[in-house]
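Reviewing the structure listed below.
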Amino acid sequence: MHPMRQSAILLLPLLILACKKDSKEPDTKQAAVHVKIGHHPKFSQGCITVEAHGGTGETVLAEFKEPGQFDTNDPVLNVAVFRKADWARDVEITVRAFEKGCATEQLVDERKQTFSFASAGRQEWMIEDLHTADEDGDGFVSPGGPMNRGTDCDDLRATAFPGAPELCNGLDDNCDGQMETGFVNRVWYLDRDRDSFGRNGPGTEACDPPSELHVEVTGDCDDERADIHPNAVEACNSVDDNCDGRADELFTEGPGALGTACTEFCNGTYACNDTQTGTVCVGTPPTLLYSDADSDGEGEKDSAPVGELCPDAPMPSMMADNTRDCDDADPGTNTLATEVCDGLDNDCDGQVDEEMSCGSLKKVVDPVLAGGNWRTVAVHPSGYPVWVAGLGGRLAVKMDATSAFVSHSGDTTNRCGPAGNKLDWHAAWVNPNNSNLVVVGEDGHIGEHTGSTCYPIQFDLPGKNDYFSGVVGIGNPAQVFAASTLGHLYEITGAAQRHDSPGRYWGLHALGQDALFAVGSTGESSPLTPVVNLYTRPPPPETPWGTPAVHNLQGTAGYNGGLRAVWAADATLIYAVGDGGLVVKGSGQSRDWERVLPQAGPVLNYVSVAAPPGTMNAYVIGNEGNAGRLQRLTPHGWAKAPAFTPSAPNVPLRDIAMTSSSNFWIVGDDGNVYHFPEP
């Protein structure tokens, strides 16, 4: 017998037979029988044999008992039988089926048929009903077939067959015709919490449960809690919920793993959340920090937090743990400050100058001031006299707190300049040594007024329509300097000297005895570049003033405009202000100035600046169109400024002069002169 395939993937076992040579009979390769043996698709653990013999010749047997020899998809076993040389002409072929092996006692079916090999050619034997029924695939065949053989008593259960262990299931498992007479394989475990899982440990062997609290499934590691058993979902609670010998194993790896550090809290670690479904950062809550720009220990009111602070950590600079400060740009304003008369809420209680009868920033009502387009104001350090000067020859003085303003305009006897003059005065300075006024303006006119008499001087300014735009004095006796719109600096006292520079000057202020800052712009028409020039002189006896040193204004590239006023608060802080919201600040130790961004809101054209003596705070006058405004700038930023009473003016303002934050004057167009404090 030789193997042959029914298809390209199926190796079919074949039986080869031969007979003796006979010239009148076919030889061994000319006569064959193709035996097709159908079997049950699940008959893979049984055995099929094919046996052939002819006469007295040798019997040939082939066994097929390997699972791989049976095809469950095409359950047909193909065998080819060829005649052997020593066989007779007739050949008997026997096909047998066995369950669970090929032993004689396991025979369940047998088929025989004789074939004549008298002539050449192929014969076919198809066996379709060989008894091989094994529905459960356990190797045992159910009773049936022509021989009525088979020992499987339940061919639908693979656990039921001869020799199988008898189970406590009310069934005949070993096919001996009896039930539950063999080995008891049911073990019962106490399930006190009724979660369908019995407690760990030895159980009770019995076919039936000892009580209604017994189940066949063990593994419960806590039989007092119904929510703890092997099928439970592991929660984050430090308990082994699913009885796998581990607690919280779902939460011990990856981001947010239990016990790992977290940053939401001080010394924070991840712990189970309240719902036991994940982890959350726990620890000491940090203290929220707020910006404290003025470093007074209080953060800006209603501001958002900018940082956090853990216990025992040092407080970072310029931060606070509160929001009590009502003006974080002014270190003199906080809840611990003392209220003073300055038009501000110093102690942050929501009231201004409470319990003080100091007045407010109010327009001065005086007929002498009416209608004047006032351009400049100057005040003695003691508070009086106060001088105001403006266009059309207007000049007036208030000698003390109780007196009214007295006019010294061009139409009065004690005027400065020619009789009936309408000179435009642009800048003024009060000599602290003798209280005299120095006023400068149109066409190089200068006047020194004692309060009763004016001593006029006129310089021939080279340009047309140019004028003195700034004046200041230093020393005792005072040495007076005036700056012109032509960019010239004049020494007026004694022999007059002129120091030229490119550009135009609009403001002038002194720093000590040996330094003068002049500010303005280059050129006479747009585009203009802002300019800060510094004049210095060596200490006595060498006293000549040198040529100006041009300072660097950082952050002004592309800016079109000029600086209109300058004020030296001290050697470390000098302010200059100008067109289009331009503010720069510098010091006497460096030529580099930095730009200060304007206050939020409409852009103002700044025209004047002053700082109360002994402070670093600048009061800045600017105009929004034709409406004057007062702003206040400290080293820490833009601070709140005193408010006009009852409201801000609707005319341009031009100048401010101060003796302190509790006493200052502001002048503008159309008779507007303001004083703080004014009753």
Subject >> Point-to-point label distance, Arg591-Phe265, nm (Cα→Cβ direction, 7 Å offset) >> reply: 5.9
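Full extension from Asp349 to Ser116: what is 0.36 nm times the residue separation minus their Cα-Cα distance, to one decimal in nm?
On the way: separation 233, 0.36 × 233 = 83.88 nm, distance 12.83 nm.
Stretched fully, the Asp349-Ser116 segment lengthens by 71.0 nm.
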Original post:
Cα atoms only, region 339-471: Rg and Dmax in Å?
Top reply: 17.3, 57
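So what is Rg over Rh here for region 572-650, counting just Cα atoms and using Kirkwood for Rh? Each step should come with its number before you reach the end.
Numbers: Rg = 12.7 Å, Rh = 13.1 Å.
Over the Cα atoms of region 572-650, Rg/Rh equals 0.97.
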Original post:
Can you list, bin by bin at 20 Å, the percent of alpha carbon pairs in the chain, starting at 0?
Top reply: 14, 25, 12, 9, 9, 13, 13, 5, 0
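Under 1.5 on a/c is rounded, so check that first for region 449-594, then, if it is not, pick prolate when a/b is larger than b/c and oblate when it is not; a ≥ b ≥ c are the square roots of the alpha carbon gyration tensor eigenvalues. Provide the component values of the computation, followed by the final result.
Numbers: a/c = 1.82, a/b = 1.29, b/c = 1.41.
Oblate shape, in that a/c is at least 1.5 and b/c is the bigger or equal ratio.
I'd like the per residue volume of the convex hull spanned by the Cα atoms of region 146-297, given in cubic angstrom.
So the per-residue hull volume is 177 Å³.
Over region 379-423, what per residue volume does the convex hull of the Cα atoms give, in whole Å³?
On the way: hull volume 2.9 nm³, N = 45.
That works out to 63 Å³ per residue.
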Subject >> Sequence-separation-based contact order of region 241-390, relative, with Cα cut under 8 Å and 6+ spacing, percent >> reply: 12
Original post:
Which whole-number percent gives the relative contact order of the chain, counting Cα pairs below 8 Å spaced six or more residues apart?
Top reply: 7
Original post:
Taking R0 as 25 Å, what's the FRET efficiency between Asn231 and Arg186 from their Cβ-Cβ distance, rounded to 0.05?
Top reply: 0.75
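Let's test the formula: R0 of 25 Å, r as the Cβ-Cβ distance of Thr335 and Ser647. What FRET efficiency results, to the nearest 0.05?
Numbers: r = 28 Å, r/R0 = 1.14.
For Thr335 and Ser647, the calculated efficiency is 0.30.
Length gain on complete extension for the stretch Ala304 to Ser196, per 0.36 nm per residue less the alpha carbon to alpha carbon distance? Could you put the intermediate results ahead of the total?
Details: separation 108, 0.36 × 108 = 38.88 nm, distance 5.60 nm.
Value of the extension gain: 33.3 nm.
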Original post:
Please report, for the Cα atoms of region 529-679, the Rg to one decimal and the Dmax as a whole number; what are they, in angstrom?
Top reply: 16.2, 54
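At a threshold of 8 angstrom on Cα-Cα distance, excluding pairs fewer than six apart, so keeping six or more, what relative contact order does region 360-678 reach in percent?
Numbers: 921 pairs, mean separation 47.2, N = 319.
So the answer I get is 15 percent.
Among the listed pairs Lys301/Lys362; Lys36/Lys100; Lys398/Lys640; Lys398/Lys422; Lys363/Lys422; Lys301/Lys398, which are separated by more than 31 Å between their Cα atoms? Provide the component values of the computation, followed by the final result.
Numbers: Lys301/Lys362 28 Å; Lys36/Lys100 21 Å; Lys398/Lys640 29 Å; Lys398/Lys422 21 Å; Lys363/Lys422 25 Å; Lys301/Lys398 41 Å.
Pairs exceeding 31 Å: Lys301/Lys398.
Quick one: in region 38-99, what % of C-alpha pairs are over 14 Å apart? Mind showing how you got there, number by number?
Details: 1073 of 1891 pairs.
Roughly 57 percent, once rounded to a whole number.
Based on the Kirkwood radius over alpha-carbon pairs, what value in µm²/s does the Stokes-Einstein equation return for the translational diffusion coefficient of region 230-274 at 10 °C and 1.306 mPa s? Please list the in-between numbers first.
Numbers: Rh = 11.3 Å.
Estimated diffusion coefficient is 141 µm²/s.
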Original post:
Counting Lys +1, Arg +1, Asp -1, Glu -1, what net charge surrounds Leu107 among other residues with beta carbon under 11 Å of its beta carbon?
Top reply: -2
**OP:** Compute the projected area of the convex hull of the Cα atoms of region 358-402, averaged over all viewing directions, and report it in nm² to one decimal place.
**Re:** 3.7
Subject >> Using a Förster distance of 25 Å, the FRET efficiency for Ser526-Val550 (Cβ separation, nearest 0.05) >> reply: 0.75
Original post:
Taking the simple approach of a point 7 Å from Cα along Cα-to-Cβ for both Asp244 and Ser662, what is their distance in nm?
Top reply: 7.8
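Let me know the volume per residue of the alpha-carbon convex hull for region 360-678, in Å³. All intermediate terms of the calculation are to be shown ahead of the outcome.
Details: hull volume 40.1 nm³, N = 319.
Here the figure is 126 Å³ per residue.
Arrange the peptides 605-615, 571-581, 456-466 so that the one whose residues have, on average, the most other Cβ atoms within 10 Å appears first.
Numbers: 605-615: 20.5, 571-581: 22.1, 456-466: 13.5.
Result, highest mean Cβ count within 10 Å first: 571-581, 605-615, 456-466.
Bear in mind these aren't lab numbers, they're just calculated from the coordinates by the rules spelled out. Worth saying up front: this structure is predicted, and the values here are computed from it rather than measured. Here Cβ is always computed from backbone atoms with ideal geometry, including for glycine, and neighbour counts include all displayed protein chains.
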